[in-house]
Amino acid sequence: MTEVARYTQLVLPVFWLGMVVAISFLEAPIKFRAPGVTVAIGLGIGRKVFALNAVELVLALALLASCVAAPPDATALTVLALVTVVLVVQIAVVRPPLGKRSDRILAGENLPRSRMHLVYIGLEAAKAALLIALIFQLFRAVASCLH
């Protein structure tokens, strides 16, 4: 069981980082530049893509469970806690106002650019940086346990 938990700690953060980079830093900017994609279509796609936050929660919970089964060092646990907090803030604090704003735009209102959108982007960047730090911490912790 411990070995499975250790390998989980190696794979899941890399997968999670790949999701964040692919969706937030590649797909999101590209979709609004594609020919024929209106703001309404882009927002509709974005709402569907936000469902991936549920996958991120599952990944965070699976990583937390693996850390219960095979505890890494305190630094790795701290970084995992920070990544999880960032994700929860995105979902519970930032997404609700963004959802209301997109409802208004889809209803036909013309609104200025949102600061909350910039907050979300900043949190995505922080999450990506924390995931990179987590990957390095967990690789170091797992490598020392598997030798």
request  = Treating the angle as unsigned and between 0 and 90°, give the value, to the nearest 10°, between the Cα long axis of helix 2-20 and the longest Cα principal axis of the chain.
outcome  = 20
ask   = Equivalent-ellipsoid semi-axes (√(5λ), Cα gyration tensor) for the range 71-116, whole Å, largest first?
value = 35, 9, 5
message = Net charge around residue 70, counting only other residues with Cβ within less than 12 Å of its Cβ (Lys, Arg = +1; Asp, Glu = -1)?
response = -1
task = List the GluC sites (Glu not before Pro) within the range 27-127 that fall in a DSSP loop (any state other than H, G, I, E or B) and whose Cβ has at most 15 other Cβ atoms within 10 Å.
result = 109
Using alpha-carbon coordinates, inclination of helix 115-146 to the longest axis of the chain, degrees = 20
ask   = On average, how much accessible surface per residue is there in the range 36-147, in Å², for a 1.4 Å probe, leaving out ligands, DNA and RNA?
value = 56
query = Can you give me the Cα centroid spacing of the range 89-104 and the range 116-131 in angstrom?
reply = 15
ask   = Which of the chymotrypsin sites (Phe, Trp or Tyr not before Pro) found in the range 1-60 are in a DSSP loop and have at most 15 neighbouring Cβ atoms, other than their own, within 10 Å?
value = 32
query = So which residue, out of 91, 121, 41, gets the largest mean-square fluctuation from a GNM of the chain using Cα contacts under 10 Å as springs?
reply = 41
note = Heavy-atom accessible area of the range 1-104 with neighbours in place, 1.4 angstrom probe: carbon+sulfur share in percent works out to 76
ask   = Taking the chain on its own, what percent of its Cα-Cα pair distances exceed 26 Å?
value = 33
222 nm mean residue ellipticity, helices alone, for the chain (DSSP H n ≥ 4; -39,500 (n - 2.57); rounded to 500) = -25500 deg cm²/dmol
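The values are calculated or read from the model by the stated rules, or taken from the named source; none is laboratory data. Quick caveat, the model's predicted, so the values are computed rather than measured. Quick reminder, even Gly has a Cβ in these numbers, built from the backbone with ideal geometry, and neighbours come from all protein chains shown. For accessibility, only protein heavy atoms count, side chains too; no ligands or nucleic acids. Shrake-Rupley method; radii C 1.70, N 1.55, O 1.52, S 1.80 Å.
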